[in-house]
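The values are calculated or read from the model by the stated rules, or taken from the named source; none is laboratory data. Please read all numbers here as calculations on a predicted model, not as lab measurements. Neighbour counts are summed over all protein chains in view; Cβ atoms, including those assigned to glycine, are modelled from backbone coordinates with ideal geometry.
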Amino acid sequence: MYTLKVREHFDAAHHLNGYEGKCARVHGHRWVVEVEVVGSELDEVGMVRDFGELRAILLSILPDHMDVNEVYSDMNPTAENLARVFYEQMKARVSETAAVTVWETPECSCRYEPTTNESDCCRGRRC
């Protein structure tokens, strides 16, 4: 199995609703987003997917120079929620997407990888 990783960044503001502390106020980050794509088969060139294509897709979903609260007004824009949303957006475009990691700072990140449970893998039947 091969795991490809592409990483991009975006600059954006946000604040956390219902949070007591400095993050309740509007502030900005240089967010870093890493996408992991898996595959076991190589194409005729010897690639699972083209890195340039993956980076372009990732860049197309990132809310660069925006207020993340306005872009995702239906959720609190925590690193956890953003990792899940970016995963879902990438998965819709690249079926081999396995996980997404979002860094708010160089030291703090959240990785989202969906879990597979019995009802998902077996569609309600016993495995």
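Of the residues that make up the range 56-66, is at least one of a type in the set (S, T, Y) and under 18 Å from T101 (Cα atoms)?
Filtering the range 56-66 down to residues of a type in the set (S, T, Y) leaves 60.
When the remaining residues are screened for being under 18 Å from T101 (Cα atoms), the result is 60.
Yes, the range 56-66 contains at least one residue that is of a type in the set (S, T, Y) and under 18 Å from T101 (Cα atoms).
Residue pairs, Cβ under 8 Å, 6 or more apart or interchain, first in the range 79-90 and at negative phi and surrounded by fewer than 20 Cβ atoms within 10 Å (Cβ to Cβ), second assigned to a helix (DSSP H, G or I) and not polar (S, T, N, Q). List them.
Going by the 8 Å Cβ cut-off, the qualifying pairs are Q89/I61.
Got at least one residue in the range 11-28 being under 23 Å from P114 (Cα atoms) and surrounded by 14 or more Cβ atoms within 10 Å (Cβ to Cβ)? Even if it seems obvious, please write down each step before you answer.
First, the residues of the range 11-28 that are under 23 Å from P114 (Cα atoms): none.
The answer is no; no qualifying residue exists.
Conditions (1) under 19 Å from F10 (Cα atoms); (2) touching a Lys or Arg at 6+ places or on another chain (Cβ under 7 Å); (3) charged (D, E, K, R); (4) at pLDDT 95 or above, marked per residue:
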| position | (1), (2), (3), (4) |
| --- | --- |
| L54 | yes, no, no, yes |
| L62 | yes, no, no, yes |
| V71 | yes, no, no, yes |
| N81 | yes, no, no, yes |
| K91 | no, no, yes, yes |
| A98 | no, no, no, yes |
| S119 | no, no, no, no |
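When you look at V37, is it surrounded by 10 or more Cβ atoms within 10 Å (Cβ to Cβ), at pLDDT 95 or above and in contact with a His (Cβ under 7 Å, 6 or more places away or on another chain), yes or no?
no
Output yes when any residue across the range 101-108 is of a type outside the set (A, V, I, L, M, F, W, C) and not in a strand (DSSP E or B), and no when none is.
The answer is yes, given that some residue of the range 101-108 is of a type outside the set (A, V, I, L, M, F, W, C) and not in a strand (DSSP E or B).
Suppose we filter H65, H15 for residues that are at positive phi and touching a residue at least 24 places away in the same chain (Cβ under 8 Å); which single one remains?
H65
Any residue in the range 44-54 that is within 23 Å of K5 (Cβ to Cβ) and in contact with an Asp or Glu (Cβ under 8 Å, 6 or more places away or on another chain)?
At the first step, the residues of the range 44-54 found to be within 23 Å of K5 (Cβ to Cβ) are 44-54.
Among the residues that remain, those that are also in contact with an Asp or Glu (Cβ under 8 Å, 6 or more places away or on another chain) are: 48-49.
Scanning the range 44-54 turns up at least one residue that is within 23 Å of K5 (Cβ to Cβ) and in contact with an Asp or Glu (Cβ under 8 Å, 6 or more places away or on another chain).
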